[in-house]
Amino acid sequence: MAKNQSAGAAPGQSKKLRSHAAAMAKLTPFPRISFIVYIILCVVALLPWLCIYNTDIPGIEIKVSGWNAFFCGLTGKLTTPGGIFGNMDTFNYFAPDACKPLALYGLLAYAFLIAALILNGVMLSKKAQVLHLPAAVLGIGAAIFSVLGFSAADSVNNSNILVEYCQSNPACSVESYAIFTAIILLVAVIFNVIGAVKFFKAQSLLK
Amino acid sequence: MKKFLSLLLAVLLCFSCFGCGKGKAKDYVLTEDTFFLLMTNMQYYPEQYLDSTLEFDCFTYALTDVNDQTYICGVRKSSSEYGCTCGRDTIIGFVLESAEPLPEPRNQSADNGDKTWVHLTGKLKSAEKTEITIHAYRNDGTIDPDRNEVISFLSFEVASCDLIEDASGLQYYVIK
């Protein structure tokens, strides 16, 4: 009955609905791609947000990964040894002023990232394309805190860690790959933003 | 998808319980895998170990300072400043305090694992470090009386000390 009414009511309205449905169909890949990028970011989080790189070894001598920063921020434990995916305790001993914000930014960045991942997952399963915009906002938040984390990691250079821990060995340097998290996040955000724009355009077709 | 999200949350919850370390354990048994990690952490944050009973294997080592006072230590060879494999080699461990006589160090000048190995249990005496000033070593291994260096060790109150006959499974040189 309703179908007959809709079919027979207004050809213009029907055309709008078809255009809207077609526009919405084009949105399908966006949450899938951004979801995959967020999954990749969960793996990228194993990269060091802070590390001592030593060409004598060669390689990373000691590190704090993105996940380590996240969990240290979550638990507030910066002095316990043998943390999963990193050793915040050593860095915290030499540079506590840098490690506290690093843990905080790690916590916030990955909290935003996980929230964005979950939103994209919900979007994917429920086809709720309206969530593109909040997912993009969360992604941008995660990227901002990743950049701040990179900045906090860089400030470890101002501590005496290279002088004391590395005995001023020129082979040692403080490095951070947190910036890669921010860059990859922007890829996810771009897909969410494009998805949001296309979604609102599709919605405007109904007006 | 629901299953995936549930799994993700479960994994996060599990990790959050021990994501930043195993600091909740009251007592510590230092193994070959954790010796360096825990020993360096104890040097950094001794306060959090004061109530813990510690158990570990090490070799005895006599450190004689510039005033000819001898300290018996329980150590392993390590890299400089507890962690960097880029600096000069040094030792990591504790100054031992015991009511009973401790096994004498042996073969101390040789750079190998043929030492007096012991299994110790006990506690940190305090969070204060003992600074031992010794004459520095030249690159050829001889003592340079004109230069000094300071080694800071925590003091360890020995509750029990057992001689280890076969130390073949124990690392003379520990790194992360």
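The values are calculated or read from the model by the stated rules, or taken from the named source; none is laboratory data. If you're wondering where the values come from, they're calculated on a predicted model, not measured in any experiment. Heads up, the Cβs are rebuilt from the backbone with ideal geometry, glycines too, and the neighbour counts pull from every protein chain shown. When the accessible area is computed, the model is the full protein with side chains, heavy atoms only, and any ligands, DNA or RNA have been set aside. Shrake-Rupley method; radii C 1.70, N 1.55, O 1.52, S 1.80 Å.
In table form, for the structure just shown:
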read-out	value
Residues of the stretch A:154-194 that turn out to be of a type outside the set (Phe, Trp, Tyr), away from chain B (no Cβ under 14 Å) and closer than 24 Å to A:ASP97 by Cα, as a count	11
In the stretch B:155-176, residue farthest from the chain's Cα centre (by Cα) [restricted to those that are β-branched (Val, Ile, Thr) and modelled with pLDDT under 95]	B:ILE175
Breaking point among (1) part of a helix (DSSP H, G or I); (2) within 11 Å of chain B (Cβ to nearest Cβ); (3) farther than 24 Å from A:LEU113 by Cα, for A:ALA69	(3)
Residue among A:ALA135, A:ALA111, A:ALA115 that alone is within 15 Å of the chain's Cα centre (by Cα), away from chain B (no Cβ under 11 Å) and touching a residue at least 24 places away in the same chain (Cβ under 8 Å)	A:ALA135
Of all residues in the stretch A:18-40 being in contact with a Leu (Cβ under 9 Å, 6 or more places away or on another chain) and either of a type in the set (Lys, Arg) or within 13 Å of chain B (Cβ to nearest Cβ) (or both), the one that is surrounded by the fewest Cβ atoms within 10 Å (Cβ to Cβ)	A:ARG32
Matching residues in the stretch B:143-176 - criterion: being open to solvent by less than 60 Å² (accessible area, probe 1.4 Å) and over 22 Å from B:VAL118 (Cα atoms)	B:ASP144
Qualifying residues in the stretch B:41-59 (those that are polar (S, T, N, Q) and buried (at least 19 other Cβ atoms within 10 Å of the Cβ)) - the one nearest to the other protein chains (Cβ to nearest Cβ)	B:ASN41
Residue in the stretch A:57-66 that is assigned to a loop (DSSP other than H, G, I, E, B) and closer than 29 Å to B:ILE175 by Cα present	yes
Selection count, the stretch A:73-82, where residues are within 20 Å of B:TYR28 (Cβ to Cβ) and at the interface with chain B (Cβ under 7 Å from one of its Cβ atoms)	6
All positions within the stretch A:72-102 that are open to solvent by 50 Å² or more (accessible area, probe 1.4 Å) and touching a strand residue (DSSP E or B) at 6+ places or on another chain (Cβ under 7 Å)	A:PHE85
Search result, residues across the stretch A:83-105 that are within 11 Å of chain B (Cβ to nearest Cβ) and without any contact (Cβ under 8 Å) to a residue 60 or more places away in the chain	A:GLY83, A:ILE84, A:PHE85, A:GLY86, A:ASN87, A:MET88, A:ASP89, A:ASN92, A:TYR93, A:PRO96, A:ALA103
Set A:LEU17, A:LEU47: member being aliphatic (A, V, I, L, M), closer than 30 Å to A:SER125 by Cα and within 17 Å of the chain's Cα centre (by Cα)	A:LEU47
Pairs with Cβ under 6 Å, 6+ apart, first in the stretch A:192-206 and closer than 14 Å to A:LEU133 by Cα, second open to solvent by less than 70 Å² (accessible area, probe 1.4 Å) and among the hydroxyl-bearing types (Ser, Thr, Tyr)	A:ASN192/A:SER34
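Yes/no matrix, rows are residues, columns are (1) over 30 Å from B:GLU149 (Cβ atoms); (2) surrounded by 16 or more Cβ atoms within 10 Å (Cβ to Cβ); (3) touching a His at 6+ places or on another chain (Cβ under 7 Å):
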residue	(1), (2), (3)
A:GLY121	yes, yes, no
A:LEU131	yes, yes, no
A:ALA153	yes, yes, no
A:SER173	no, no, no
A:ILE183	yes, no, no
A:ILE190	yes, yes, no
A:ALA202	yes, yes, yes
A:LEU205	yes, yes, yes
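Okay, residues lined up against (1) at pLDDT below 65; (2) in a loop (DSSP other than H, G, I, E, B); (3) surrounded by 13 or more Cβ atoms within 10 Å (Cβ to Cβ):
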position: B:LEU8; (1), (2), (3): yes, no, yes
position: B:GLY21; (1), (2), (3): yes, yes, yes
position: B:MET39; (1), (2), (3): no, no, yes
position: B:TYR61; (1), (2), (3): no, no, yes
position: B:THR85; (1), (2), (3): yes, yes, yes
position: B:LEU96; (1), (2), (3): no, no, yes
